[in-house]
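Participant: For reference, the structure I am asking about is given below.
A short reminder: the numbers here are calculations on the coordinates, not readings from a lab. Only a predicted model underlies this, so the values are computations on that prediction, with no experimental measurement involved. Because the Cβ atoms are built from the backbone with ideal geometry, glycine has one as well, and the counts that use them run over all protein chains shown.
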Amino acid sequence: MNMVKSDTCIVYYSRSGHSHRLAKNLAKRLHGHLVEIQAPAYQRGIVSYVRAAMDSLRQRDMASRQGLPSVSGCNRVVLCGPVWTSYPAVPLRTFLRTKFKAPSTVGLFLTSGAHSPPQKAFQAAESDLGRPISAKACLPNGVEGTAEESSMVDAFLSDLEGAVRLTSVN
Ligand SMILES: Cc1cc2nc3c(=O)[nH]c(=O)nc-3n(C[C@H](O)[C@H](O)[C@H](O)COP(=O)(O)O)c2cc1C
């Protein structure tokens, strides 16, 4: 595991670049530390594509946990990555299932091809984590770079900040 020390961690997995792009924007807006989940078994090529789809459909974990970062020391974590077969991509689910000594504030920002509504993915992520996620959003690829994306990011960050305030009051 890679050790990371930062107040806000943006933990991302990206197979084809969409989530990496979004994660970089979130890191900039949150002055956060960008940290990647590495999953070479799912990168490039048709075989890895089929493996990704099949593992996701079967709700499996990654075969190896070596590419998972440690986020100990982070006060909040934003997880960013794609939807696969209506679920969060397998590397995100494996990370969530480690319970990663989760800080009180966890956000989830997915990207998708907009083939399916994101609610099923949000539910699966909360089930994997074992508790509600403070801020949730899903950016369709077709919305990248538009005013709609800016509004979505603003709303997501507002939910996340609201969750931080609630946590510090309680
Ligand atoms: C194996 C696989 C399954 C996918 N399943 C879905 C899906 O169920 N619904 C959807 O809207 N998009 C689906 N997509 C599209 C991705 O969610 C979308 O292209 C995403 O932005 C890719 O992010 P990335 O470039 O960071 O990997 C799938 C992509 C892959 C590779």
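Participant: If we count every other residue with Cβ under 14 angstrom of Gln43's Cβ, Lys/Arg +1 and Asp/Glu -1, where does the sum land?
Facilitator: So the environment of Gln43 carries a net charge of +1.
Participant: Highest mean first, what order results for 87-94, 9-16, 70-77 on Cβ atoms within 10 Å?
Facilitator: On the way: 87-94: 26.2, 9-16: 23.6, 70-77: 20.0.
The packing order, highest mean first, is 87-94, 9-16, 70-77.
Participant: What value, in deg cm²/dmol to 500, does the helix sum -39500 (n - 2.57) over DSSP H runs of n ≥ 4 give at 222 nm once divided by the residues of the chain? Walk me through the numbers before you get to the answer.
Facilitator: On the way: 5 runs with 67 residues, N = 170.
Only helices count here, giving -12500 deg cm²/dmol.
Participant: A further question on this structure: May I ask you to sort Asp128, Asp7 by Cβ crowding, counting other Cβ atoms within 10 Å and putting the fewest first?
Facilitator: Asp7, Asp128
Participant: Under 5 Å between amide hydrogens, which residues at least 5 positions from Glu36 or on another chain qualify, with H placed 1.01 Å from N in the peptide plane?
Facilitator: Correct list: Tyr12.
Participant: Tell me, which cysteines of the chain are without a disulfide-compatible partner by the Cβ under 4.7 Å rule?
Facilitator: Cys80, Cys138
Participant: Over the chain, what is the percentage of antiparallel beta bridges among all DSSP beta bridges, to the nearest 5?
Facilitator: Antiparallel bridges: around 10 percent, rounded to the nearest 5.
Participant: Straight distance only, please: which aspartates and glutamates reach the Cα of Lys24 with their own Cα at less than 12 Å, same-chain residues fewer than 8 apart left out?
Facilitator: The qualifying aspartates and glutamates are Glu36.
Participant: Report the charge-dipole magnitude of the range 2-169 in Debye, nearest 20, computed about the Cα centre from +1 at each Lys and Arg Cβ and -1 at each Asp and Glu Cβ.
Facilitator: 520
Participant: Only Lys, Arg, Asp and Glu count, each charged at its Cβ (+1, +1, -1, -1), so figure out the dipole size of the range 42-130 about its Cα centre, rounded to 20 debye. Walk me through the numbers before you get to the answer.
Facilitator: On the way: 11 positive and 4 negative charges, 35 e Å.
In debye, rounded to 20, the range 42-130 gives about 160.
Participant: Quick one: work out the % antiparallel among DSSP beta bridges in the range 32-124, nearest 5.
Facilitator: The answer is about 20 percent antiparallel.
Participant: For Gln59 and Gln43, calculate 0.36 nm times their separation in residues minus their Cα-Cα distance, and state this gained length in nm to one decimal.
Facilitator: The span from Gln59 to Gln43 would gain 3.9 nm if fully extended.
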